[in-house]
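Trainee: This is the structure, below, for whatever I ask next.
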Amino acid sequence: MRIAVLKERAAGETRVSATPETVKKFIALGAVVAVEAGAGEAASIADVDYAAAGAEVTANPATGADIVLGVQGPDPAALAGVNPGAWVVAGLDPFGQRARVDGYAAAGLEALAMEFMPRITRAQSMDILSSQSNLSGYKAVIEAANVYGRAFPMMMTAAGTVSAAKAFIMGVGVAGLQAIATARRLGAQVSATDVRSATREQIQSLGAKPIFVESVAGIEGEGAGGYATEMSEEYQKAQAELVSSHIAKQDIVITTALIPGRAAPRLITDAQIATMKPGSVIFDLAAPAGGNVEGSKPDEVVVKHGVKIIGYANTPAKLPADASALFSRNLYNFLSAFWDKEAGRPVLDEEIGNAIRLTHGGKVVNERLLG
Ligand code: NAD
């Protein structure tokens, strides 16, 4: 079983899909690991560290590979030389990169999209969306604090008092929870909102104030698989009114709302931004998915009505070392959980296999792409 670790080619991608730690663990399972020269450089991992862990460091890792690991999906053309039916295991952006998925099918590869991992207890340690969102939620607050022209905590000094920043977190999934915790640690007064009712208690347990639409029912409990769906027009209207009355008093807003397979919901309009105080900062974590905030542009600082609107195209890539370590462990936890000692390779079960398998036998086979 030969596992290839590719150097990421996408612009701005700094992460790597295996670390010396996971290389060692794959070798302990009986695999040979080939790492592309320079693959870990942007994540501060040198080729010699991979070699010391037992990897073959090479210019052509894909040659003869049975499994190819990536953070993002590699170009099918870069996979010439892999064994027939080789697995491609990465964050494949199946909806956004449909042509590439078709390319994997045409090449006879078995593409496994890690972002389609079901949200079931036994798959938690394999969930790249969670591991990366957690870091993104942290980074969003740090970046917003950096751009904000004032301090977060209240300070009583001889020269007078500095008041605490007011931070509002919209969308309380994995990223939002970490954003609440980080903003609280920095000393902000934090409030938060979501459409899923289960988040109310989670917000309170982190010492923040829940701000919820009361007049129209949101999503009961956790929502299907922990995910939100598009809300009714009536709900959207009530939410817009609630946000309008709350946002004008906020200094920092972090938006994290996503709906799988769809554009991100619009949560803040330009008219609402106009009511905010000049100098306020909005970090739109959904910027690469179309944005929660009107006017936000990935990797740009947009100033509207004196409010700075920021957001990255790839937030976890701003924390390459930690993001790579967690991503790599997700991949290892996944492959090792299914490792069949006799076969000397991973063999997937139906529940997880069918959820994440995009292509097989020359065809696109995933229900979410066919449906
Ligand atoms: P996500 O990234 O899909 O969305 C972020 C948040 O935005 C969600 O909380 C969602 O409800 C919210 N949102 C969507 N539309 C909104 C709107 N119009 N207004 C306000 N908020 C809106 O979600 P996520 O962070 O990936 O996780 C969501 C849930 O799934 C969490 O409760 C998490 O604990 C759970 N989860 C479970 C597992 C597991 O069991 N394996 C793994 C990951 C996450």
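Trainee: Please report the relative contact order for the range 71-228, taking Cα pairs under 8 Å with a sequence separation of at least 6, and give it as a percent rounded to a whole number.
Mentor: Values: 226 pairs, mean separation 23.2, N = 158.
Worked out over the range 71-228, it gives 15 percent.
Trainee: Subtract the Cα-Cα distance of V303 and F338 from 0.36 nm times their separation in residues, and report this length gain in nm to one decimal. Please list the in-between numbers first.
Mentor: Details: separation 35, 0.36 × 35 = 12.60 nm, distance 4.91 nm.
Extra length available between V303 and F338 comes to 7.7 nm.
Trainee: List the lysines whose alpha-carbon lies under 23 Å from that of K318, not counting same-chain residues fewer than 8 positions away?
Mentor: K7, K139, K297, K308
Trainee: List the residues whose amide H sits under 5 Å from the amide H of I282, counting only those 5 or more places along or on another chain, with H placed 1.01 Å from N in the peptide plane.
Mentor: Amide H neighbours of I282: V253, K308, I309, I310.
Trainee: If R₀ is 30 angstrom, what is the calculated FRET efficiency for the pair T229 and A313, using the beta carbon separation as r and rounding to 0.05? Show your work: numbers first, answer last.
Mentor: Values: r = 25 Å, r/R0 = 0.85.
Efficiency for this residue pair is about 0.75.
Trainee: With 37 Å as the cut-off, how large is the P(r) tail for the chain, expressed as percent of Cα-Cα pairs?
Mentor: Roughly 26 percent, once rounded to a whole number.
Trainee: Moving on. Share of Cα-Cα pairs in the range 113-225 beyond 25 Å, in percent? Numbers along the way, then the final one.
Mentor: Working: 2020 of 6328 pairs.
Of the Cα pairs, 32 percent sit more than 25 Å apart.
Trainee: Setting aside same-chain residues fewer than 8 positions from K304, which lysines have a Cα under 20 Å from its Cα?
Mentor: The reachable lysines, counting only those whose Cα sits under 20 Å from K304, are K166, K249, K277.
Trainee: Could you go through the range 260-275 in sequence order and give the Karplus-derived ³J(HN,Hα) for each residue, using 6.51 cos²θ - 1.76 cosθ + 1.60 with θ = phi - 60°, rounded to whole Hz, and x for Gly and Pro?
Mentor: In residue order, the calculated couplings are x, x, 10, 5, 4, x, 7, 10, 10, 9, 4, 5, 6, 4, 4, 7 Hz.
Trainee: Which loop-located chymotrypsin sites (Phe, Trp or Tyr not before Pro) does the range 290-371 contain, where loop means any DSSP state but H, G, I, E or B and the Cβ has at most 15 other Cβ atoms within 10 Å?
Mentor: On the way: sites: Y312, F327, Y332, F334, F338, W339; in loops: Y312, F338.
Within the range 290-371, the qualifying chymotrypsin sites (Phe, Trp or Tyr not before Pro) (loop, at most 15 other Cβ atoms within 10 Å) are F338.
Trainee: Continuing with this model, one more query. Exactly which GluC sites (Glu not before Pro) in the range 282-371 are in a DSSP loop and have at most 15 other Cβ atoms within 10 Å? Write down the numbers at each step before the final one.
Mentor: Values: sites: E294, E300, E342, E350, E351, E367; in loops: E294, E300, E342.
Answer in residue order: E300, E342.
Trainee: Find, among the trypsin sites (Lys or Arg not before Pro) in the range 94-152, those assigned to loop by DSSP (not H, G, I, E, B) with at most 15 other beta-carbon atoms within 10 angstrom.
Mentor: On the way: sites: R98, R100, R119, R122, K139, R150; in loops: R119, R150.
Taking the range 94-152 and a limit of 15 other Cβ atoms within 10 Å, the loop trypsin sites (Lys or Arg not before Pro) found are R119, R150.
Trainee: Now for a different question. Non-local amide H neighbours of K209 (under 5 Å, H modeled in plane, Pro and chain starts lacking H): which ones?
Mentor: When sequence neighbours closer than 5 places are left aside, the close amide H contacts are V190, S191, A192.
Trainee: Right, another one. Only Cα pairs under 8 Å and at least 6 apart count here; give the relative contact order of the chain as a rounded whole percent.
Mentor: On the way: 814 pairs, mean separation 68.5, N = 371.
With pairs under 8 Å counted, the relative contact order is 18 percent.
Trainee: Next question, about the same structure. Ignoring everything except DSSP H segments at least 4 long, calculate the 222 nm mean residue ellipticity for the chain; use -39,500 (n - 2.57) per segment, divide by total residues, nearest 500. Please report the intermediate quantities before stating the final value.
Mentor: Details: 11 runs with 113 residues, N = 371.
Result for the chain: -9000 deg cm²/dmol, rounded to the nearest 500.
Trainee: Please work out how much length the chain gains when fully extended from S244 to A28, using 0.36 nm per residue of separation minus the C-alpha to C-alpha distance, in nm with one decimal. Provide the component values of the computation, followed by the final result.
Mentor: Numbers: separation 216, 0.36 × 216 = 77.76 nm, distance 5.60 nm.
Net length gain for the segment: 72.2 nm.
Trainee: Additional query: Given N residues in the range 280-368, what is its alpha carbon radius of gyration divided by 2.2 N^0.38 Å? Could you put the intermediate results ahead of the total?
Mentor: Values: Rg = 19.8 Å, N = 89, 2.2 N^0.38 = 12.1 Å.
Rg over 2.2 N^0.38 Å, computed on Cα atoms: 1.63.
Trainee: Karplus couplings for the range 239-247 from phi (6.51 cos²θ - 1.76 cosθ + 1.60, θ = phi - 60°), rounded to Hz, Gly and Pro as x?
Mentor: Going residue by residue, I get 5, 4, 5, 4, 5, 4, 6, 8, 5 Hz, with x marking Gly and Pro.
Trainee: Collect residues whose amide H, placed 1.01 Å from N in the peptide plane, falls under 5 Å from the amide H of V33; neighbours closer than 5 in sequence don't count.
Mentor: Under 5 Å from the amide H of V33 lie the amide H atoms of I3, E56, each far enough along the sequence or on another chain.
A short reminder: the numbers here are calculations on the coordinates, not readings from a lab. No experiment lies behind these values; they were computed from the predicted model shown. Every residue, glycine as well, gets a Cβ built from its backbone with ideal geometry; the counts of neighbours run over all protein chains shown.
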